[in-house]
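I have placed the structure first, in the form of structure tokens, so that the comments after it can refer back to it.
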Amino acid sequence: MIQGIGASTGIAIGKAFVLPNWEWEVPDQKIDVADFAREFERVYEGIRTSKHEIEQIKDELREVVGSEETNIFDAHLAILDDPVFMNEIQGIIQRQYKAAEVAVKEAIDHFVTMFDLLDDEYMKERALDIKDVGNRLLKHLLGVPEIALPVDTQPFILIAKELSPSQLAHINPDHVLGIVTLVGSTTSHSSIMARALGVPLVVGVEPELKEPIATGQTIVIDGGDGSVYIDPVEAIIDRYNLLHDRQMEDKKKLQHFASRHSVTPDGKALRLEANISSIKELEIALSSGANGVGLFRTEFLYMDRNRFPREEEQFEVYRSVAEKLGGDPLVIRTLDVGGDKQLDYFELPEEDNPFLGYRAIRISLDRTDLFKTQLRAILRASVYGQVKLMYPLISSVDEVRSANRILNEAKLELEQEGLPYDRGMKVGIMIEVPAAVMIADMLAQEVDFFSIGTNDLVQFTLAVDRMNEEISHLYEPFHPALLRMLKLTVEAAKRSGISVGVCGELAGDMRALPIWLSLDVDELSMSAHSILHVKERLLGTKQEESRGLFQQLQLCRTSTEVLEMLESFKGEPKEKTANG
């Protein structure tokens with residue numbers, strides 16, 4: 001067994017098809033000064049053809065994975081329009097008297113090497129985009145056909161060194177059972193697209209791969225835990241066939257919960273909402289019976305493009321989501337970039353501790369022009385549904401008041417322009433830093449609702465970066481300190497009469513459900529794929545039983561004790577004795 005990284009869930013069993021690297025040998029061909037104009041024109045023509053192809057790919061994919069996922073290719077178009085990339089190519093032609101294809105190959109290698117050397121995972125992933133675009137341009141300059149996937153054979157498992165978005169765009173899920181790449185990460189563009197397409201994907205197997213995988217070998221992959229088996233024995237194949245069948249059966253069984261109301265046996269109604277970043281994800285959430293959207297991550301509207309989205313662009317997206325929800329809540333979080341989320345066109349300062357630095361609401365309050373553009377778009381969309389506004393990474397009352405001042409300016413502008421908005425639109429904040437927990441009673445006087453972001457709250461409370469492999473074992477979401485943080489936050493919200501929800505990963509963790517029932521939170525917002533699992537357990541878990549459990553959890557001194565107690569809790573009413 002080879003251990004990789006699970007990047008897109010699901011099990012696949014089939015024959016391997018090894019995709020050759022999309023790269024070509026380019027002989028070092030010299031030219032004369034008189035050839036410069038011709039070589040420049042060859043480059044321009046190659047760029048025009050490449051851009052046309054990319055636009056076609058976007059159009060073909062839009063109906064399959066949604067408009068937001070196809071914005072990946074806007075980054076590719078931006079590279080072809082980038083004057084720095086073009087100047088590098090022209091400089092090599094003029095200074096070194098080299099043919100167009102040689103100049104393009106050297107420019108690709110230069111930028112890819114430069115990005116790979118950066119100690120930044122996001123920038124390393126952008127190196128693949130540059131290679132993808134450059135190889136497309138090279139293909140046209142060399143006049144070679146693109147490597148095609150087999151379409152007249154049985155479905156296969158695709159094996160590649162790395163898979164570019166362009167290559168993945170041509171994949172038919174009916175032909176490709178799963179994908180294994182030697183390198184890559186769960187946050188790469190290819191991983192995002194694989195998840196949107198519903199294709200199981202395992203990345204990063206190269207360190208454990210002793211011999212190359214060959215076309216025709218039988219492969220078993222688990223996109224959940226990252227396991228890969230090459231030419232496994234029949235017992236392994238039988239086991240994973242059984243697991244695959246069970247996954248399909250469980251998926252069908254869960255679907256009948258989609259239309260059920262999310263209420264405990266003793267009458268506690270708990271809204272189950274979805275975290276989304278695109279309309280495609282919204283459609284999946286609605287099919288899973290989501291009661292609304294508790295977190296719309298708007299930063300994805302800003303990524304993989306060459307400029308900030310305009311007000312009208314944002315408005316159209318927010319309006320579309322609000323209309324599709326048909327009156328159910330839509331909580332729109334304002335721009336949350338910085339930390340691990342960078343924008344190619346917005347140069348953020350280099351920081352020793354970016355997660356503690358210039359990010360989220362801090363950028364918005366600094367760049368009020370960008371902030372107001374987004375607030376105007378959200379306000380305009382508010383008349384098309386039950387839209388709520390939420391500020392991220394709040395740590396003080398001053399930040400809330402400053403943000404609301406800009407919001408009021410945006411409202412006044414819209415009134416002066418005669419543009420409608422919901423005057424009663426609710427405004428809330430994310431509780432994700434310990435400072436916000438400790439002044440939750442004060443913050444509750446300033447806003448209409450709280451949403452607890454458990455991912456950052458755990459990291460900041462325990463001073464643990466969960467992406468750091470050396471200390472990731474210390475990231476303990478069931479730490480007793482976190483239980484106290486949650487209790488303080490919810491109690492402060494209840495005393496002030498405002499609603500409180502949870503939108504971090506813990507919201508979708510079934511083990512945590514008794515905690516939320518005991519604390520009496522109003523809604524949970526989670527990945528669309530978690531909704532039916534949580535709803536199934538909710539329908540069989542009594543709130544009163546959960547309250548008794550939480551009293552015991554507060555006596556626990558370690559995460560292990562908390563987890564053991566949660567995992568042994570069934571949530572079913574205890575049998576009464578004859579004595580009552």
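Scanning the range 291-307 for residues that are more than 14 Å from the chain's Cα centre (by Cα) and crowded, with 19+ Cβ neighbours inside 10 Å gives 291, 292, 293, 294. Looking only at the range 371-386, residues that are assigned to a strand (DSSP E or B) and either charged (D, E, K, R) or more than 17 Å from residue 328 (Cβ to Cβ) (or both) come to 0 in all. Comparison of 227, 278, 288, 262 shows that the only residue that is crowded, with 18+ Cβ neighbours inside 10 Å, of a type in the set (S, T, N, Q), over 19 Å from the mean Cα position of the chain (by Cα) and closer than 21 Å to residue 200 by Cα is 227. For the range 280-313, a tally of residues being on the phi > 0 side of the Ramachandran plot and at pLDDT 95 or above returns 1.
When the range 498-508 is limited to residues that are surrounded by fewer than 21 Cβ atoms within 10 Å (Cβ to Cβ) and at pLDDT 90 or above, the one that is farthest from residue 533 (Cα to Cα) turns out to be 498.
Go through the range 75-111 and give me each residue that's modelled with pLDDT under 90 and assigned to a loop (DSSP other than H, G, I, E, B). Matches in the range 75-111: 82 only. Taking the criterion of being modelled with pLDDT under 75 and buried (at least 19 other Cβ atoms within 10 Å of the Cβ), the residues of the range 175-224 that qualify are 188, 189, 190, 192, 193, 195, 196, 197.
Scanning the range 509-527 for residues that are surrounded by fewer than 23 Cβ atoms within 10 Å (Cβ to Cβ), of a type outside the set (Gly, Ala, Ser) and either at pLDDT below 95 or in a helix (DSSP H, G or I) (or both) returns 509, 510, 511, 519.
Restricting attention to the range 308-321, the residues being more than 20 Å from the chain's Cα centre (by Cα) and of a type in the set (Phe, Trp, Tyr) number 1. State yes or no: is residue 490 surrounded by 18 or more Cβ atoms within 10 Å (Cβ to Cβ), closer than 26 Å to residue 547 by Cα and out of contact with any Pro (no Cβ under 9 Å at 6 or more places or on another chain)? Yes. Evaluate the following for residue 114: is it surrounded by fewer than 16 Cβ atoms within 10 Å (Cβ to Cβ), at pLDDT below 65, on the phi < 0 side of the Ramachandran plot and part of a helix (DSSP H, G or I)? In short, no. For the structure I just gave you, tell me whether residue 450 is crowded, with 20+ Cβ neighbours inside 10 Å and in a helix (DSSP H, G or I). When the stated conditions are applied, residue 450 does not pass them.
The sole residue among 433, 437, 400 that is out of contact with any Phe, Trp or Tyr (no Cβ under 8 Å at 6 or more places or on another chain), among the hydrophobic types (A, V, I, L, M, F, W, C) and farther than 25 Å from residue 328 by Cα is 437. Residues in the range 410-434 that are under 23 Å from residue 502 (Cα atoms) and in contact (Cβ under 8 Å) with a residue 40 or more places away in the chain: 425, 428, 430, 431, 432, 433, 434. Among the criteria (1) farther than 23 Å from residue 414 by Cα; (2) under 20 Å from the mean Cα position of the chain (by Cα), the one residue 347 does not fulfil is (2). Exactly one residue among 295, 301 is among the aliphatic types (A, V, I, L, M), in contact with a Ser or Thr (Cβ under 9 Å, 6 or more places away or on another chain) and under 23 Å from residue 73 (Cβ atoms), and that residue is 301.
Every listed requirement among (1) touching a residue at least 40 places away in the same chain (Cβ under 8 Å); (2) assigned to a loop (DSSP other than H, G, I, E, B); (3) within 17 Å of residue 16 (Cβ to Cβ) is met by residue 265 save one, (3). For the range 557-580, residues that are under 15 Å from residue 512 (Cα atoms), surrounded by 12 or more Cβ atoms within 10 Å (Cβ to Cβ) and modelled with pLDDT of 90 or more total 8.
Residues that are part of a helix (DSSP H, G or I) and touching a strand residue (DSSP E or B) at 6+ places or on another chain (Cβ under 6 Å) within the range 268-297 comprise 282, 285, listed in sequence order. Entry remark, the range 477-508: residues being part of a loop (DSSP other than H, G, I, E, B) and either among the small types (Gly, Ala, Ser) or not assigned by TED's automatic domain parsing to the domain that holds residue 427 (or both) number 2 in total.
Note on the range 387-441: residues that are assigned to a helix (DSSP H, G or I), within 27 Å of residue 315 (Cβ to Cβ) and not hydroxyl-bearing (Ser, Thr, Tyr) amount to 18.
Conditions (1) in contact (Cβ under 8 Å) with a residue 40 or more places away in the chain; (2) buried (at least 22 other Cβ atoms within 10 Å of the Cβ), marked per residue:
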site	(1), (2)
333	yes, yes
336	yes, yes
351	no, no
358	no, no
370	yes, no
374	yes, yes
389	yes, yes
407	no, no
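Taking the conditions (1) in contact (Cβ under 8 Å) with a residue 40 or more places away in the chain; (2) at positive phi in turn, residue 273 satisfies each one other than (2).
The values are calculated or read from the model by the stated rules, or taken from the named source; none is laboratory data. All values derive from a computational prediction rather than experimental measurement. Here the Cβ is made from the backbone with ideal geometry for all residues, glycine too, and neighbour counts use every protein chain on show.
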